[in-house]
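Undergrad: Before I ask anything, here is the structure I am working with.
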Ligand code: GLN
């Protein structure tokens, strides 16, 4: 059949995301899936009961556009207790259908034609397409392997009057690195006296290791006044499929955010919001997450110490990078695919997080898995 040519793609360089590609390859090959980031164990049963209770109670219709007030109040309380920042639940907090929607919304609300947005590669893959769809220009800076820190001199060099936004992410996906207090202070200094807006992707805020403190932009008042902070309950409560997250930002920024949010999703899932509001009252539910995942990280890396892979232990997130330089010189996308098909273990190749596909022979493995899954994975990796 002949079709008229109706499409002039708005995202000519985007294919299907690597997470979908690798999860499918894992399932097609019956491989252990350490690619897409999600736990293979269940969430807390009390949380499920709370959702069920709220469904039974009839909380099944649209939530208010910005989210149910009880949940927004709990987020305000948590943000103040952890980071010392006061956000008004009425005007400065919005519940979203996950972190990705919140990021897309914040970018759409702020970025106009020809505005420049600085991002740091390797970079989570949803930022650039959102910038492009809004007519913005992406300015790419690189985090250098193996420790993946921001070089602030590079940032100073590219900032100009067209710079509208800088997007940061700590703890960092895909590398597992974290930003320090000094990093945030530098960002605060560099952006003072500019009209640059910041998106701070903090979806892994509760997964940080070795006694480090999460450096939320909320801790830095002069940064917070120009920032959208994005977080996600999927990561924190082992419920990535529920797609619930939130954004906090000062009133003037949040007003613009909501203008877009209301037409993108209007509101997020109601019974889950009620359930989360109650579940958040027990602080250990999120305060104990770092030690839970630090144990998983340590379990995984101790079991692969004898392998030929090189690594620096992740400082946060539930991802561990492994370098395979001493095993193969193959391109990482090929190698990841071969590991899945021939050895039965799926990971994410890091080059896909660079616009020019920089290949340092590094793969990302998700350790949010049962110990028995990690055992099987380690056994395979040690044989390679
Ligand atoms: N955040 C998840 C990861 O990094 C992926 C989410 C998705 O598949 N879009 O693996």
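Read the figures in this text as sums done on the coordinates, not as results from a lab. Remember, predicted model here, so these are calculated numbers, not experimental data. In this analysis, Cβ positions are derived from the backbone assuming ideal geometry, glycine residues included, and neighbour counts consider all displayed protein chains.
Undergrad: Please compute the Kirkwood hydrodynamic radius of the stretch 1-56 from all pairs of different C-alpha atoms, in Å with one decimal.
TA: Taking every pair of different Cα atoms in the stretch 1-56, averaging 1/r and inverting gives 15.7 Å.
Undergrad: Let me ask something else about it. How big is the stretch 262-320 along each principal axis, measuring the range of its Cα positions in Å and listing the largest first?
TA: 50, 31, 15
Undergrad: Rg to Rh for the stretch 285-384: what is it, with Cα atoms only and Rh by Kirkwood?
TA: Values: Rg = 13.6 Å, Rh = 14.0 Å.
Reported Rg/Rh (Cα atoms, Kirkwood Rh): 0.97.
Undergrad: Further question on the same structure: Compute the distance in nm between two label points, each set 7 Å from the Cα along the Cα-to-Cβ direction, one at residue 192 and one at residue 73.
TA: Between residue 192 and residue 73, the label points sit 3.7 nm apart.
Undergrad: Counting DSSP beta bridges in the chain, what percent are antiparallel, to the nearest 5? Can you show the working numbers first?
TA: Details: 18 of 38 bridges.
Around 45 percent of the beta bridges assigned by DSSP in the chain are antiparallel ones.
Undergrad: Compute the convex hull volume of the Cα atoms of the stretch 172-272, divide it by the residue count, and report the result per residue in Å³ as a whole number. Write out the running numbers ahead of the final one.
TA: Values: hull volume 12.7 nm³, N = 101.
It is 126 Å³ per residue.
Undergrad: Now a separate question. Based on the mean of other Cβ atoms within 10 Å per residue, sort peptides 69-77, 101-109 so the most packed one is first. Could the numbers behind the result be given before it?
TA: Working: 69-77: 19.2, 101-109: 25.0.
Output ranking for 69-77, 101-109: 101-109, 69-77.
Undergrad: Computed over the Cα atoms of the stretch 102-174, what is the convex hull's projected area averaged over all directions, in nm²?
TA: 4.7 nm²
Undergrad: Continuing with the same structure: Can you give the convex hull volume per residue for the Cα atoms of the stretch 100-259, as a whole number of Å³? Kindly include the intermediate steps, with their values, before the conclusion.
TA: Working: hull volume 18.0 nm³, N = 160.
Roughly 112 Å³ of hull volume per residue.
Undergrad: If each of residue 284 and residue 259 carries a label point 7 Å out from its Cα toward its Cβ, how far apart are those two points in nm?
TA: Roughly 4.6 nm, to one decimal.
Undergrad: Give, in whole angstrom and from largest to smallest, the semi-axes √(5λ) of the equivalent ellipsoid of the stretch 62-116, with λ running over the eigenvalues of the Cα gyration tensor.
TA: Details: eigenvalues 115, 47, 17 Å².
That gives 24, 15, 9 Å for the three semi-axes.
Undergrad: Placing one identical point scatterer on every Cα of the stretch 50-153 and ignoring solvent, what is log10 I(q)/I(0) from the Debye formula at q = 0.20, 0.22 Å⁻¹?
TA: These q points yield log10 I(q)/I(0) values of -1.09, -1.13.
Undergrad: As a footprinting exposure proxy, order 17, 240, 170, 175 by other Cβ within 10 Å, with the fewest listed first.
TA: Details: 17 14, 240 19, 170 25, 175 29.
Fewest-to-most ranking of 17, 240, 170, 175: 17, 240, 170, 175.
Undergrad: Report the Stokes-Einstein translational diffusion coefficient (µm² s⁻¹, integer) for the stretch 220-374, Rh taken as the Kirkwood radius over Cα pairs, at 4 °C with viscosity 1.567 mPa s.
TA: Details: Rh = 18.8 Å.
The diffusion coefficient I find is 69 µm²/s.
Undergrad: Further question on the same structure: If one computes P(r) from the Cα atoms of the stretch 5-109, what percent of pairs lie at distances over 18 Å? Before the final figure, lay out each step's value.
TA: Details: 3961 of 5460 pairs.
Of all Cα-Cα distances in the stretch 5-109, 73 percent exceed 18 Å.
Undergrad: What is the percent of Cα-Cα separations in the chain that go past 37 Å?
TA: Numbers: 14882 of 73536 pairs.
When every Cα pair of the chain is considered, 20 percent fall beyond 37 Å.
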